[in-house]
Structure formats: C-alpha cells, structure tokens
Amino acid sequence: MFKRGIQYNLRYYTWYYTLAGCIFTLPIWVAFYTKVISLPQLALINAIENIFSIFLEVPTGALADLIGRRRTVAIGKVLEATMFLTMPFASNFLEVFILTLVGSVGSALVSGSDTAILYDTLKQQGREKEFSKIYAKLLTYYRGGLILSGLIGGQLFSIWRGLPHIMRGIFYVISGFAASLLIEPTIDTEKFSWNRYIIQTKQGIHEIMRSQFVKKLSIYYVVVAGITYSCIAYFNLPFAYDFGYSPSQMGYIVPGAYIISSLLIYWLSQQDKYLTRTRVYLGFPLLMTLALFPGIWVNRQLAIVLMTLSQIAGSARFTILDNYVNKEFSSQNRATALSTLNMGVSLMVGILIFFGGQIQGLFDTRHAYTILGAISLVAITPLALFLVHEHRQYQQLNNQP
C-alpha cells in the first residue's frame with residue numbers, strides 16, 4: 001500500500017511536514033491554559049521549556065545516531081501528540097508542566113533530525129543543490145496548514161476548549177506515521193558525541209567572537225531573535241487577549257497576521273536592491289520599536305496592527321536577517337556558529353518570557369510589550385548603528401560582499 005524506497009522519501013516527508021503545520025491551537029492556547037493556570041505560571045512553563053531545550057540537544061542527537069533519525073522523528077511526533085491529546089484533561093499547574101516537558105522532549109527529538117534526513121535523502125540522490133528550493137516549497141505547505149488550522153481552531157474551541165488540542169494531537173500522530181515511512185539514507189554522516197559537541201561548541205563560540213564586528217553582529221542577532229521569537233511564541237496572543245478579543249475572533253486574527261506577514265516578507269525577499277545591509281540592520285530596531293513600544297497606549301484596533309507588525313518582525317528575522325548572518329561565518333564553521341547563536345537565542349527567550357510573566361502578574365502584557373519595545377530602542381539601535389558604521393571597513397579587510 002505504501003511504497004518504500006529512498007525515491008519515495010520526499011513524498012512522505014511532504015505529508016509529514018504539512019501535517020506538522022496543522023497547529024489548531026495557534027489562536028486559542030492562551031484562553032485554553034488560563035482556564036487552569038495563571039499567565040505568570042504559563043510564562044514560567046514556557047521559560048523553562050525554552051531553557052530545557054538547550055540541555056536536550058546532546059542526548060537527543062545521540063539517540064538519533066543510535067536508533068536512526070527516521071525513528072527519532074516518528075517517536076518525537078508521537079510524544080508531541082501525547083502531550084496535545086492529554087493536555088485537555090490536565091487540571092493543575094503540575095500536570096500542565098509535566099505534559100509540557102513531555103512535548104519538549106518530543107520537539108527536541110524532531111528538531112534537526114527531520115531537516116537532516118531530508119538533506120541526506122537529497123544528497124544520496126545527487127540532488128542536494130535542490131535543498132533550498134524544495135525546503136521553501138515545503139514551508140509553503142506548512143504555512144498553508146498553519147493558516148487553515150488556525151482558522152478552524154477558534155471555531156473548534158467554541159465547541160469544546162480541548163478540541164483544538166485533540167485535533168492537533170491526531171494530526172501529529174498521522175505526521176509521525178508519515179515519518180515512519182521514510183527510509184534512512186545510507187550515506188555516511190558524522191556521529192554525535194559529547195566530545196564532538198564540546199569541540200563544536202568551542203569552535204562556534206570562537207567563530208562568533210573572532211572580530212569586534214562579528215561579535216557585535218552576534219549580540220545583535222541574539223537580541224533581535226530573542227525578542228521577536230518570544231513575541232511570536234508567547235507574548236503576541238496574551239497581548240491581543242488584553243483587549244478583550246475572543247478565541248473565535250483570534251481564530252481569524254492570528255491566521256490573518258500570518259498571511260499578511262508571509263506575503264510581505266515574500267515581496268521583500270524579492271527586492272534585492274532595496275534590502276541593503278544598512279536598511280536591514282536599522283530596520284529591525286525601528287520595526288520592533290514601532291511594534292512593541294506603544295503597547296500600553298494603543299486602542300483595541302491598533303493593538304492588532306502592533307501584533308501584526310511583531311509577527312512581520314519575527315518572520316523577517318528567519319527570512320532576511322538569517323541570510324546576512326550566514327554570510328559572516330566560514331563554511332566549515334557555519335553550522336556550529338549558528339547552533340551556538342541559537343542556544344543563545346533559546347536562553348534569551350527563556351529569560352524574557354520568565355520576567356515578562358512577572359510583569360504580566362503585576363500589570364498585563366501591554367506593559368511587557370512596551371518594555372520589550374524600550375529594550376529594542378535602547379539596546380538594539382546602538383548595535384545597529386555600530387554595524388552600519390563598521391561594516392564597510394570590515395568588508396574591505398575581509399573581501400566580503
């Protein structure tokens with residue numbers, strides 16, 4: 001019934017990746033969790049989850065080497081599905097916390113292993129040069145699933161608060177089944193080990209600290225990515241709920257923000273002449289300040305505008321800023337440098353969400369938004385000005401485009 005072979009991997013991977021994008025909980029998770037726990041408790045769980053992911057990198061990588069990435073991804077999706085299928089029945093902070101950690105282990109098992117098996121599949125077929133094009137197409141399917149499931153999620157929530165989680169869990173089970181149909185590529189890949197992990201981490205730290213310019217760029221990236229991702233992953237939805245929007249309304253607002261940001265970022269990515277380094281470096285603190293700083297002063301309608309701008313900034317970080325950061329690292333150390341930066345981002349996201357949760361407890365998310373905007377203005381803008389000023393000299397010294 002299901003044909004097996006390396007030549008069919010891309011078909012099953014497309015099923016796996018598209019189904020993984022069906023995030024029915026996207027517009028309602030704040031309303032769902034705050035029926036059981038408070039916002040500060042939710043922030044604490046999210047903060048611990050992000051920091052916990054850093055420590056899972058080595059053991060999950062070792063498990064992928066031991067049992068294969070295909071099985072690792074399939075098990076990871078099943079663990080994530082277990083969390084979503086059982087979360088509607090959690091009745092207190094401890095149960096929510098434990099189930100979230102189960103889901104975190106699942107996410108860690110999937111992260112990296114799924115991309116690696118796709119790349120090695122293409123490499124074994126002599127198609128590795130097509131990776132970027134194929135991955136971009138897969139992201140389109142993923143975002144399509146995300147938008148459609150988001151539109152449905154708010155309506156499901158109105159039927160029963162646990163239904164979006166149940167639906168997400170079911171789709172993740174099917175996604176895991178699709179992953180189990182993959183064939184493990186037979187080409188040689190480096191095995192994960194504690195010794196290699198330590199060596200690579202040292203190389204990554206050296207790479208991101210090798211010059212004053214790259215050091216400042218790395219700090220700039222971590223702060224920009226930390227703030228924008230913490231907004232996408234946590235702050236945006238509570239911010240909208242502060243203005244009285246219902247879960248059903250958020251079922252239209254959140255997918256709408258994703259559609260607008262996706263279309264705008266796609267258009268911007270085609271404007272090579274417009275996206276100069278100066279505009280990119282200065283554009284992020286400007287956009288982030290505009291999106292976040294007015295949080296405590298805007299009305300109900302403008303709040304959605306700010307949330308959409310925040311979504312745009314977060315999406316632009318992945319599509320635009322990552323591209324410029326990649327160019328600053330040598331090919332042999334690029335993966336380790338980016339891995340090191342991402343660990344820094346995860347740590348910062350955890351810290352921001354933790355302290356943001358305390359602000360939510362004392363005031364509300366609007367104040368957290370404004371504080372994040374102030375950090376963007378005060379901390380990122382000087383870094384951006386430095387990068388703009390110093391890049392020309394750095395470019396001449398290193399003969400970089």
Notebook entry, point to check: Out of all the residues in the stretch 304-335, which are farther than 27 Å from Thr140 by Cα and either in contact with a Gly (Cβ under 8 Å, 6 or more places away or on another chain) or modelled with pLDDT of 85 or more (or both)?
Noted result: Asn333
Check: Which of the helices (runs of 4 or more DSSP H) contained wholly in the stretch 279-367 include at least 2 residues that are within 22 Å of Arg210 (Cα to Cα)?
Finding: 322-326, 334-362
Item checked: Selection within the stretch 3-20 - crowded, with 21+ Cβ neighbours inside 10 Å and either touching a strand residue (DSSP E or B) at 6+ places or on another chain (Cβ under 8 Å) or among the small types (Gly, Ala, Ser) (or both) -> Ala20
Notebook entry, point to check: Of all residues in the stretch 29-83, which are more than 22 Å from Tyr245 (Cα to Cα), over 18 Å from the mean Cα position of the chain (by Cα) and of a type in the set (Gly, Ala, Ser)?
Noted result: Gly61, Ala62, Ala64, Gly68, Ala74, Ala81
Note to self: I'd like to know if the stretch 96-117 contains one or more residues that are touching a helix residue (DSSP H, G or I) at 6+ places or on another chain (Cβ under 7 Å), crowded, with 19+ Cβ neighbours inside 10 Å and over 29 Å from Ala43 (Cβ atoms).
What the structure shows: yes
Check: Could you count how many residues in the stretch 16-31 are assigned to a helix (DSSP H, G or I) and under 17 Å from Glu80 (Cα atoms)?
Finding: 6
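Before we move on, is Leu275 in a helix (DSSP H, G or I) and surrounded by fewer than 18 Cβ atoms within 10 Å (Cβ to Cβ)?
Values: in a helix (DSSP H, G or I): no; surrounded by fewer than 18 Cβ atoms within 10 Å (Cβ to Cβ): yes.
Considered against the rule, which asks whether it is in a helix (DSSP H, G or I) and surrounded by fewer than 18 Cβ atoms within 10 Å (Cβ to Cβ), Leu275 comes out as no.
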Item checked: From the options Leu146, Leu139, residue that is surrounded by fewer than 17 Cβ atoms within 10 Å (Cβ to Cβ) and either outside the structural domain of Thr319 (by TED's automatic domain parsing) or assigned to a helix (DSSP H, G or I) (or both) -> Leu139
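Within the stretch 157-180, track down each residue that is closer than 22 Å to Gln311 by Cβ and touching a Pro at 6+ places or on another chain (Cβ under 8 Å). Outline the logic, then answer.
Our first condition is that a residue be closer than 22 Å to Gln311 by Cβ; within the stretch 157-180, this holds for 157, 164, 168.
Listed by number, the list holds a single entry, Phe157.
The values are calculated or read from the model by the stated rules, or taken from the named source; none is laboratory data. Since this is a predicted model, take the numbers as computed values, not measurements. Note: ideal-geometry Cβ built from the backbone for every residue, glycine included; neighbour counts use all protein chains shown.
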